[in-house]
Each structure stands twice: as structure tokens, then as C-alpha cells.
């Protein structure tokens, strides 16, 4: 080997070593490779932003929550389950907005529907409120697939001045491009119209021939929630409904642990004090009390 050839070979080897060192330093910053989702085995996924791009990542979910476990929301459960069955059967169905008091089972109802209909082809995709700008890309990726996809946005709301809600309006109803019929959007919110409503919105109202004409600001806010064909309202539980849910969850949890127990006045008073300490009565509070009580009973047994 001539001197020139030796220098070239040595220089190339040195360059390759430096390139490997640079790649080792960059590797922790590179996005992880994402495997393509096998929808025949995966019932749920989450849309996850990665820089300027986004990917669907498979989720490991438990399908053990039953519709029968959701008490105190019988009417809401019946209506959403019927809408979901229509969707799974490739029949016309509506986007759904579940709004109302916190902890009353809005999110749990959607997850219970996935458990009930996963074997029928229903799939759930979680998308964060901050990623709604990616909705057109998500919908495009699902078009033409045989599965039926519910896009689930939990705790959806917008502040005044935010423009992301216009993307949502376009995807739901209003875009020139027809959305695929294998995609529905289910959203939960604590706000009826998804946006804050203020007294100042009503300052421009006028009385004309006995009619009240709302201002354009109000019309714009209502127009978003109007895109959802199915509205389901959730309200705080009465004390009787709360205690019914407490008793149900203690029964379920105790049966799984083979714990013997009986309902008593003392247990009822303890459950009421638990709710009073949190300032609300709802399904989440009832479930948390049941877990605490069963765990404590097992600890001392």
C-alpha cells in the first residue's frame, strides 16, 4: 500500500469513528421507532406528538370495567350504548358530548363501552386537547380500515381567544372533505358549550318584536357544541345514589378478595363522612371510599 493510500484509509477510518461518536451522542435525542399497530389485537391507542410529527402508540388497557358497574347514570348509559351499537353495526350514529359534574362516570362510560364492544371491532384512540390540530391527520390515517374508531378527548374545553376549536368544528361537521364513516368523536367536558360563558357576552342582546337575539360571540360558542349530535348531561349524585354506588363497589372488591362483610349503619355513616370531607358525592368518590374501606378491612383481618 502506498503512502497516499494509507493516508486515505486512515483518514476514512478516523472519519467513521467520529461519525459513530456523534451518533452515540445523538441517539438519546432521536425519537424511538414505533411499531405499526396490529388493530386485530390492540383495542386502544394514543395519539402522541413527536416534534412536528405525531404517531399512534398502542396502549395496554384492561377491559374489565362493565357497563353494569356504572350506577346512577342509567339514562346516559343507555343512550350512549345505543349510539355505539349503531356505530359498530355500520349504521348512522352521532358524535357525543358528555358534560357535567366531575367524577360522575363520563370517562368511565366510554371505557366500559370499549370493553363491551372491542370484540365487535370497536377501537378507542385517545387524543389530548392540545393535539387537536392533528385531528385531520389522525382521521386520514384511519380512513378505509374495517375497524370502528372512537376518538376520545377527555376533559375538553377551550379558553377565550384559542383557535384550536375551529379545527374541531371543521372535522366534526363543516369541512368540504367528508369525514370517514368509521370514525366518531366522544368528548367529555365540565362545560356545556366547551368554552367559558360570561355576562359580558349578553350585553349586546336586544329585544325585537318579543324575540331575544344573542350576540355573535354567543353564537360562535354554541356552534361548536352543536356539532355533537348527542348531548349527555351528568349531575351530582344524591346521597341515596352515592351510597348505592359505595355498596356496589364494596361488594365487587370484597368478592375479588374473598372478604366477608355486611352493610351497617356505621359503615353508611363512614361513607357519608368520607364524601363530606371531599365536598362532593359522585361515583369516583364512592369508588375511592370502597377501596379504602376494603383495604383497611383486609389489613386488620
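Checking the stated criteria, residue 110 turns out not to satisfy the condition of being more than 18 Å from residue 60 (Cα to Cα) and crowded, with 19+ Cβ neighbours inside 10 Å. In the range 229-248, of all residues being farther than 22 Å from residue 95 by Cβ and surrounded by 21 or more Cβ atoms within 10 Å (Cβ to Cβ), the one that is modelled with the lowest pLDDT corresponds to 237.
For the range 256-267, filtering for residues that are outside any loop (DSSP other than H, G, I, E, B), more than 29 Å from the chain's Cα centre (by Cα) and closer than 21 Å to residue 65 by Cβ leaves 1.
Residues are listed down the side, and each one gets a yes or a no for (1) surrounded by 15 or more Cβ atoms within 10 Å (Cβ to Cβ); (2) at pLDDT 95 or above; (3) within 24 Å of the chain's Cα centre (by Cα); (4) over 26 Å from residue 74 (Cα atoms):
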site: 269; (1), (2), (3), (4): no, yes, no, no
site: 279; (1), (2), (3), (4): no, no, no, no
site: 284; (1), (2), (3), (4): yes, no, yes, no
site: 298; (1), (2), (3), (4): no, no, no, yes
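Restricting to the range 41-65, give me the number of residues that are touching a helix residue (DSSP H, G or I) at 6+ places or on another chain (Cβ under 6 Å) and over 14 Å from residue 138 (Cα atoms). The number of residues fulfilling the criteria is 3. Restricting attention to the range 76-94, the residues being in contact with a helix residue (DSSP H, G or I) (Cβ under 7 Å, 6 or more places away or on another chain), part of a loop (DSSP other than H, G, I, E, B) and closer than 16 Å to residue 147 by Cα number 2.
The values are calculated or read from the model by the stated rules, or taken from the named source; none is laboratory data. Here the structure is a predicted model, which is why all the values come from computation and not from measurement. When we count neighbours, we look across all protein chains shown, and the Cβ atoms used for this are built from the backbone with ideal geometry, even at glycine.
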